[in-house]
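Student: Okay, handing you the structure first.
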Amino acid sequence: MSTATPARPIKGRVTELTVVLTAIGYFLVAGTFEGWFPYPNITESGVDLLGHAIAVVNTLATICLVAGWYWIRKGAVDKHRKAMGSAFGLILVFLVMYLPKVGGGGQKAIADAAPDLVALGYFIMLAIHIVLSALAMPVVVYALLLGLSHTPSELRETRHAQIGRIAAASWILSLVLGVATYVILNHTYGNTFEPAFVLLF
């Protein structure tokens, strides 16, 4: 990601800030699943609503990422910067919805009645989605911070392009798989609901 007006205080601290922000992200997610944080109680219908909203947000983020990738290949640096910044902003919106959904509501699981092949595909996609989400976080943050702290000409002397390709590819695949599992879970086969208090035991 490139910018003509970089945030200079970040420059020189990109690696350190990446480590700190990634650790905070991991802590918030892990803490939510472990029940460390209080969340308001969310009903099953609320979980459904948040799930639909999250799917929309992730789809929009995917569109922004693909557009950003396209524009940087065309040399449209400013459009690329805006698209990637929008994608990151949408992921923050995702977290604001996802953490309370899991911590205060619960999760859905694919129904036992789903065909074995569909269930297997679902679990494989879900596993890849989860792993890529975790692995993508530091490279996405690193690429973002480089873009915020360097001018376009300065970025050519960094690993922004290489890291950015890895970040975008893993992020896009993770989001696409996340939306695919959402469709299977919510619109194709029935599911079971596990309230948040059950997840803690």
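The values are calculated or read from the model by the stated rules, or taken from the named source; none is laboratory data. All values derive from a computational prediction rather than experimental measurement. We place every Cβ from the backbone using ideal geometry, glycine too, and count neighbours over all the protein chains shown. Surface accessibility is based on the protein's heavy atoms, side chains included, excluding ligands, DNA and RNA. Shrake-Rupley method; radii C 1.70, N 1.55, O 1.52, S 1.80 Å.
Student: One residue is enough: does the range 154-173 have a residue meeting the conditions in a helix (DSSP H, G or I), modelled with pLDDT of 95 or more, open to solvent by 60 Å² or more (accessible area, probe 1.4 Å) and not small (Gly, Ala, Ser)?
Tutor: Yes.
Student: Quick test for you: out of ILE10, ILE63, ILE91, pick the one residue that is hydrophobic (A, V, I, L, M, F, W, C) and either without any contact (Cβ under 8 Å) to a residue 12 or more places away in the chain or exposed (fewer than 15 other Cβ atoms within 10 Å of the Cβ) (or both).
Tutor: ILE63
Student: I'm trying to understand the selection: among the residues of the range 13-26, which are open to solvent by less than 70 Å² (accessible area, probe 1.4 Å), farther than 18 Å from LEU132 by Cβ and touching a residue at least 24 places away in the same chain (Cβ under 8 Å)?
Tutor: Of everything in the range 13-26, those that are open to solvent by less than 70 Å² (accessible area, probe 1.4 Å), farther than 18 Å from LEU132 by Cβ and touching a residue at least 24 places away in the same chain (Cβ under 8 Å) turn out to be VAL14, LEU17.
Student: For VAL29, state whether it is part of a helix (DSSP H, G or I), open to solvent by 80 Å² or more (accessible area, probe 1.4 Å) and either β-branched (Val, Ile, Thr) or under 26 Å from GLN107 (Cβ atoms) (or both).
Tutor: Taking the combined requirement at face value, the residue does not satisfy it.
Student: Further question on the same structure: Yes or no: the range 123-144 includes at least one residue that is outside any loop (DSSP other than H, G, I, E, B), more than 11 Å from the chain's Cα centre (by Cα), closer than 18 Å to LEU99 by Cα and modelled with pLDDT under 85.
Tutor: no
Student: Can I ask one more? Name, by its number, the condition in (1) under 23 Å from LEU175 (Cβ atoms); (2) open to solvent by 30 Å² or more (accessible area, probe 1.4 Å); (3) within 18 Å of the chain's Cα centre (by Cα); (4) of a type in the set (A, V, I, L, M) that does not hold for ILE54.
Tutor: (2)
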